[in-house]
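Enquirer: Submitted below is the structure of interest, expressed as structure tokens.
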Amino acid sequence: MLHTLKESVEYLKRKIGDFEPEVGIVLGTGLGGLVKDIKVAYSIMYSSIPHFPISTLEFHSGKLIFGELAGKNVVAMQGRLHYYEGYSMQQITFPIRVLKSIGIRHLFVSNAAGSLNPDFKKGDLMILNDHINLQPESPLRGINDSDLGPRFPDMSEPYNRKLIANGLEIAKNEGIACHEGVYVAVTGPNLETKAEYKYLRIIGGDAVGMSTVPEVIVANHMGLPVFAISVLTDEGFPEILSPFSLEEILETAAEAEPKMTSILSKLISSL
Ligand code: HPA
């Protein structure tokens, strides 16, 4: 792992010269709009970076965008990788290791998720304050490299408390409907049955999605503070569940995206 990491990092450092990103941002499904607000310095295709997995979803464009956002140097992953695409957990999380190695000190993650909490409506935002991992394995399974992090990383505060408080405060001041809650990660790509939505709510979930948790585990392994936010694109309420529509999810994500971008930009500016 250290060898492949070194090759990717060296390649990127040759490309970006003395540009030093302070913040890493992972953009979720339908949430790439934040890139418009970045004053782009370098845009690098995943496919050109040694050892980088390539996103297989056509609505993810697969680029690392280096530039300035809200007065800070950032690097955004436009196009995230999902376990359901067939990658290993190590492949999905490799870019997070690369971003940490090129200097990021904070990780911001966004995703589209289904609401499980009857008080959280479609189109609302939810800042993650914890998670339940129902994906079948941890990205840390296998031999641990202690240069990267400990064998048994603590997960008592997977999402940085101060960033959560600041994020909620910003949302309140902006008049944006934004909750905090627990994200449950499932494998997908199939959506949940009514019985599964009911179960996920009973075990303590407020939202469900197919991403984020592997990246968050790896960030915690490396001691990287995380802020994560979901756009609630559909309602997984068993009594009134309607058939899933990708178009509807992408439409809701696009509608809510400016609110999320506004919170992220202000939070990044306050770092
Ligand atoms: N379930 C799982 N993943 C999702 C959902 C959902 O309802 N909505 C968006 N991603």
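Enquirer: Only bridges with both residues in segment 2-269 count here: give the DSSP antiparallel percent, nearest 5.
Expert: Looking only at bridges with both residues in segment 2-269, the antiparallel portion is about 40 percent.
Enquirer: Which whole-Hz ³J(HN,Hα) couplings does segment 206-221 yield from phi under the Karplus relation 6.51 cos²θ - 1.76 cosθ + 1.60, θ = phi - 60°, glycine and proline marked x?
Expert: Calculated HN-Hα couplings, in order: 9, 8, 10, x, 10, 8, 6, 4, x, 4, 5, 4, 5, 4, 5, 4 Hz.
Enquirer: Compute the Rg/Rh shape ratio of segment 165-209: radius of gyration over Kirkwood radius, all on alpha-carbon atoms.
Expert: Result for segment 165-209 is an Rg/Rh of 1.13.
Enquirer: Here is a further query. Convert each backbone phi in segment 115-128 into a coupling constant with the Karplus relation 6.51 cos²θ - 1.76 cosθ + 1.60 (shift: θ = phi - 60°), then list the ³J(HN,Hα) values in order as whole Hz, x for Gly and Pro.
Expert: Once θ is set to phi - 60°, the couplings for segment 115-128 become 6, 10, 8, x, 7, 9, 9, 3, x, 6, 10, 9, 7, 6 Hz.
Enquirer: Where in segment 93-130 does the amide nitrogen come within less than 20 Å of the point 7 Å from the Cα of ASP154, taken along Cα to Cβ?
Expert: 105-107, 129-130
Enquirer: Would you work out the Kirkwood radius for segment 2-269? I mean one over the mean of 1/r across all pairs of different Cα atoms, in Å.
Expert: By the Kirkwood definition, the hydrodynamic radius is 18.5 Å.
Enquirer: Then there is this: Taking the chain as a Gaussian network, Cα atoms linked when under 10 Å apart, which of PHE120, PHE94, PHE244 shows the biggest mean-square fluctuation?
Expert: PHE244
Enquirer: I'd like the orientation of helix 89-101 relative to the chain: the angle between its Cα long axis and the longest Cα principal axis, in ° from 0 to 90, rounded to 10.
Expert: With both axes taken from Cα atoms, the answer is about 50 degrees.
Enquirer: Mind listing the long-range amide H neighbours of ILE132? Cut-off is under 5 Å, sequence gap 5 or more, other chains count too, H placed in the peptide plane at 1.01 Å from N.
Expert: Counting only residues 5 or more places away or on other chains, the set is TYR183, VAL184, ALA185.
Enquirer: Please report how far the C-alpha centroid of segment 158-185 lies from that of segment 85-140, rounded to the nearest whole angstrom.
Expert: When both Cα centres are located, 15 Å separates them.
Laboratory data are not the source of any read-out in this text; all were calculated from the coordinates shown. Remember, it's a predicted structure, so these values are computed and weren't measured experimentally. A quick note on method: Cβ atoms are made from the backbone with ideal geometry, for glycine too, and the neighbour counts reach across all protein chains shown.
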